[in-house]
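Trainee: One structure is given below, represented as structure tokens, and several questions about it will come after.
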Amino acid sequence: MNLSKDELAFRDEVRAFLAAELTDEIRLGGHRTSGIFSDYEVGIPWQRVLAKRGWAAPHWPVEWGGCGWTPRQHDIFASEMAAADAPKVSPLGLVMAAPVLVAFGTQAQKERWLPDIRNGVSYWCQGYSEPGSGSDLASLQCRARREGNEWVINGSKIWTTHAHNATHMFCLVRTDSSGKPQQGISFLMFELNKPGIQIRPIISISGDHEFNQVFFDEARVPADALIGEENQGWTIAKFLLEHERGGSSAPFLRGRLARLHESLQEAFAQGAPGTEHEDIALSLANAQCRIDALHAWEQEVLTARIGGGTQPAWMPAAPSMGKVLATELKQHLTELGLDIAGVYGATSLTIEEAAAHALPVPEESVFATRAYLNDRAASIYGGTNEVQRNLIARHVLGAEVVEPVLPLDETQAMLVASLQGWLQDKLPFDKRVPMIATPEAIAPLWQGLAHELGLLGAALPEHLGGMGGGLPEQMLICQALGAALVGEPYSSSAVLGANLLQALGDPAADVLLQAMADGQVRLAVAALEPAGRTDLSRLQTRLFNSQGQMHISGRKALVRCATGATHWLVSARDDAGHLRICLLDPAASGVQRRDVRLIDGVWAAELAFDQTPVQALIGQGDAVAALSQAWDTATLAAGAEAVGVMQALMRDTLNYTSQRKQFGQPLAAFQALQHRMADMYMALVQAAAAVGACADVLGDSPERRAERVSSAHVTVLRAARLVGQGAVQLHGGMGMTDELAVGHGFKRLTVIEQQFGGVAQHLRRVAAGRSGLG
């Protein structure tokens, strides 16, 4: 993610603040906290430091001490805090109680409590769960009755985090039992130092004292402890849960991941890294991909909340989605920590005890064990993840699932709308089969994109007959074509071919690009070879001079859309060992071609060259960098196409499961299928966010570009398999036929999974920069 000048200045300001104010003692306390958030003894001092700077509650309204930051500034702040190992302060007051006060409290209540919450004077706990009421809050039985100017509370609350440190509680109580359970709940906020309130500690399986049970025996609190109206508590509770389940988790998780990388190096410092080290390094790379995808999506959530405007269709489910994704990823990181700890992961020492002996035990191993045990609670608190999947499924069954991979400006919105309308009119599903029946049958699509829509040059500069767009436009076009299952030949020619010509920077290529924009030229790139898999550098095709004419000899594998192309761009090595891009006429001598139909219906070709004459060499010197850039661009475009395919599959699956009945009810009524569709939906939304976040990737260094592209593509490929297989499964027998679009979409996703390298290859690219894997 590229930062502007102002954003860089803000980042430097945050770093300077942390360098000056984050003491070693506070940092160590935060570093050693394995619980949900920092212990009181560490968190409150740090919150007071933040409050003094005006940064304790940046997300609050400005009039109450918020910062009015942009989404990017919020992300920078959270990222720098995590990178510096600053303590994670308690969210119970700042993130949960405060928004309730702002939304539902009286002016007097806001003035009484908000400043103390912000400044770390008061410390809050949450009274929701009860011994008989966990995620089912509507069944709560802790009661409050009104007597004069007081509420009298009887009952108990359980799993009350940090109640033993808290000065205040916000609490759900039953004030009426005459109607539906949800209708008789009220929301109270009060001090805990009252007669009739007792707190019993609960020690968790990690040995930590975070949880408590709170007992109320005729405990009296003021009448103005009521927030909102009497019996309005259910509405307030749902509002609060959105804040508890929301927020940005990726910066914290990225900090945890960096810590795991350090632990890995320390754990293997005494010996040469071997297979186990490499396996764990790849697992960490996979975790990075998951964090990157979560980060991209959380930025979309934050932008939607702050910016307003048209909300994404998934926005109502965002709190539940964020809770599931973040907590399960957090738990996964603790599992990796335990893998790194090895045999030392079995100790029951406290962190302070680890090194306090002549025979020290690695502190990180002790931390890993405690974090692993403690974070089993992550998928339980705030409403279990099973309940969250119920809520996500309830939303998605009535939601629109087709959304662009990135926010649209006015021009892009017109482009997408015109393309989608044209595809629905000209290329409905029943016309796809004849259009791919032969390699030549796809020509009308190419001509339509060129002449009816004028989109072949959407990403080309205007002086070449284009629209002056770039990678974002190509991604949007590929997404729309993917939904219609007609991604080729646009992706092979107008994306991979055109980007390769532009990256080579050869003026001689301008004529070809202009002709492509007019639909007169179709390009095919022959870069892979049978023995090279998807490694662009493994070339046996040779470029040589024979009697003053350049020729090539060699073999190329599965060249997409080679048949029907007017020009081939073929990679070969010259006598100096440089990779060169050769322009060939498909009708040239010495060419042997075998047309091969892929499982998705697209045509490719096996090519062999025997002293085939070269029309021209495009570019000067080694073309590795240009080909790699074009390949990365095409990989992202394929990711956008895959998102389009997945959105169509998701839409069809939701419709089918809502209509198809088994055992007397719709398939969508079965919880097991609901949870599967919830997981499919979350994977799809994250894949779209991951791809969209890379729209600016061409401004990165080649190394950073490779890492970002591969991270996004891992997310796409994992989602493609989950959504594709799930769509077939949920369609039952009909999913196994070519009669419905679902089978065609699944096969297209399967092809995309391998076209630019599989998960393993891209994980190695993500891991390469940090661990030295190649």
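The values are calculated or read from the model by the stated rules, or taken from the named source; none is laboratory data. Keep in mind the model is a prediction, meaning the values are calculated, not measured. FYI the Cβ positions are ideal-geometry reconstructions off the backbone, even for glycines, and counts take in every protein chain you see. Surface areas here come from the heavy atoms of the whole protein model, side chains and all, with no ligands, DNA or RNA. Shrake-Rupley method; radii C 1.70, N 1.55, O 1.52, S 1.80 Å.
Trainee: For segment 11-30, name all the residues that are touching a residue at least 40 places away in the same chain (Cβ under 8 Å) and either buried (at least 19 other Cβ atoms within 10 Å of the Cβ) or assigned to a loop (DSSP other than H, G, I, E, B) (or both).
Mentor: Result: Val14, Leu22, Ile26, Gly29, Gly30.
Trainee: Do you know which residues across segment 91-141 are assigned to a loop (DSSP other than H, G, I, E, B) and more than 25 Å from Asp224 (Cα to Cα)?
Mentor: Result: Pro131, Gly132, Gly134, Ser135, Asp136.
Trainee: Any idea how many residues of segment 196-219 are surrounded by fewer than 19 Cβ atoms within 10 Å (Cβ to Cβ), part of a strand (DSSP E or B) and not hydrophobic (A, V, I, L, M, F, W, C)?
Mentor: So the count comes out to 7.
Trainee: Report the residue count in segment 504-518 for those that are surrounded by 18 or more Cβ atoms within 10 Å (Cβ to Cβ) and either charged (D, E, K, R) or touching a His at 6+ places or on another chain (Cβ under 7 Å) (or both).
Mentor: Matching residues across segment 504-518 total 2.
Trainee: Could you tell me whether Pro45 is surrounded by fewer than 19 Cβ atoms within 10 Å (Cβ to Cβ) and under 21 Å from Pro319 (Cα atoms)?
Mentor: Spelling it out, it is not the case that Pro45 is surrounded by fewer than 19 Cβ atoms within 10 Å (Cβ to Cβ) and under 21 Å from Pro319 (Cα atoms).
Trainee: Identify all residues within segment 400-431 that are out of contact with any helix residue (DSSP H, G or I) (no Cβ under 7 Å at 6 or more places or on another chain), in a helix (DSSP H, G or I) and more than 20 Å from Ala458 (Cβ to Cβ); write none if there are none.
Mentor: Asp430, Lys431
Trainee: Still on this structure, I have one more. If you go through segment 321-357, how many residues are aliphatic (A, V, I, L, M), over 26 Å from Thr384 (Cβ atoms) and in a helix (DSSP H, G or I)?
Mentor: Number of matching residues: 6.
Trainee: Of the conditions (1) part of a loop (DSSP other than H, G, I, E, B); (2) modelled with pLDDT under 95; (3) surrounded by 16 or more Cβ atoms within 10 Å (Cβ to Cβ), Gly468 clears all except one; give me its number.
Mentor: (3)
Trainee: Related question: For Ile44, state whether it is at pLDDT 90 or above and more than 24 Å from the chain's Cα centre (by Cα).
Mentor: yes
Trainee: Something else: Given the criterion in contact (Cβ under 8 Å) with a residue 12 or more places away in the chain, among the aliphatic types (A, V, I, L, M) and in contact with a Gly (Cβ under 8 Å, 6 or more places away or on another chain), identify the matching residue among Ala57, Ala103, Ala84. Let's see the steps before the verdict.
Mentor: Working: Ala103 fails: in contact with a Gly (Cβ under 8 Å, 6 or more places away or on another chain); Ala84 fails: in contact with a Gly (Cβ under 8 Å, 6 or more places away or on another chain).
Only one candidate passes the filter, namely Ala57.
Trainee: Restricting segment 52-73 to residues that are of a type outside the set (Phe, Trp, Tyr) and over 17 Å from Val102 (Cβ atoms), which is most open to solvent (accessible area, probe 1.4 Å)? Before you say what the answer is, go through the steps one by one.
Mentor: At the first step, the residues of segment 52-73 found to be of a type outside the set (Phe, Trp, Tyr) are 52-54, 56-59, 61-63, 65-68, 70-73.
Okay, now just the ones that are also over 17 Å from Val102 (Cβ atoms), so 52-54, 70-73.
Values: Lys52: 186, Arg53: 96, Gly54: 31, Thr70: 63, Pro71: 27, Arg72: 63, Gln73: 43 Å².
My answer is Lys52.
Trainee: Additional query: Somewhere in segment 601-621, is a residue under 27 Å from Leu684 (Cβ atoms), at pLDDT below 95 and open to solvent by 10 Å² or more (accessible area, probe 1.4 Å)?
Mentor: Yes, some residue in segment 601-621 is under 27 Å from Leu684 (Cβ atoms), at pLDDT below 95 and open to solvent by 10 Å² or more (accessible area, probe 1.4 Å).
Trainee: Going by the conditions given, is Asp506 in the same structural domain as Gly743 (by TED's automatic domain parsing), closer than 25 Å to Ala588 by Cβ and touching a residue at least 60 places away in the same chain (Cβ under 8 Å)?
Mentor: When the stated conditions are applied, Asp506 passes them.
Trainee: Which residue pairs have Cβ atoms closer than 7 Å, lie 6 or more positions apart in sequence or on different chains, and pair a first residue in segment 522-547 that is open to solvent by 60 Å² or more (accessible area, probe 1.4 Å) with a second residue that is outside any loop (DSSP other than H, G, I, E, B) and of a type in the set (S, T, N, Q)?
Mentor: Once the first residue is open to solvent by 60 Å² or more (accessible area, probe 1.4 Å) and sits in segment 522-547, its partners that are outside any loop (DSSP other than H, G, I, E, B) and of a type in the set (S, T, N, Q) give Arg542/Ser553.
Trainee: What do you reckon, is Ile552 surrounded by 23 or more Cβ atoms within 10 Å (Cβ to Cβ) and either of a type outside the set (Gly, Ala, Ser) or assigned to a loop (DSSP other than H, G, I, E, B) (or both)?
Mentor: When the stated conditions are applied, Ile552 passes them.
Trainee: Residue check, Ala587 against (1) over 38 Å from the mean Cα position of the chain (by Cα); (2) touching a residue at least 12 places away in the same chain (Cβ under 8 Å); (3) outside any strand (DSSP E or B), all met but one. Which one?
Mentor: Failing condition for Ala587: (2).
Trainee: Only one of Ala417, Ala354 is over 24 Å from the mean Cα position of the chain (by Cα) and in the same structural domain as Glu276 (by TED's automatic domain parsing). Can you tell me which? First the steps, then the outcome.
Mentor: Numbers: Ala417 fails: in the same structural domain as Glu276 (by TED's automatic domain parsing).
Matching residue, one of Ala417, Ala354: Ala354.
Trainee: Let me ask something else. Which of the numbered conditions does Asn385 fail, given that it passes all the others? Conditions: (1) within 30 Å of Asp738 (Cβ to Cβ); (2) under 25 Å from the mean Cα position of the chain (by Cα).
Mentor: In the conditions (1) within 30 Å of Asp738 (Cβ to Cβ); (2) under 25 Å from the mean Cα position of the chain (by Cα), Asn385 misses (1) alone.
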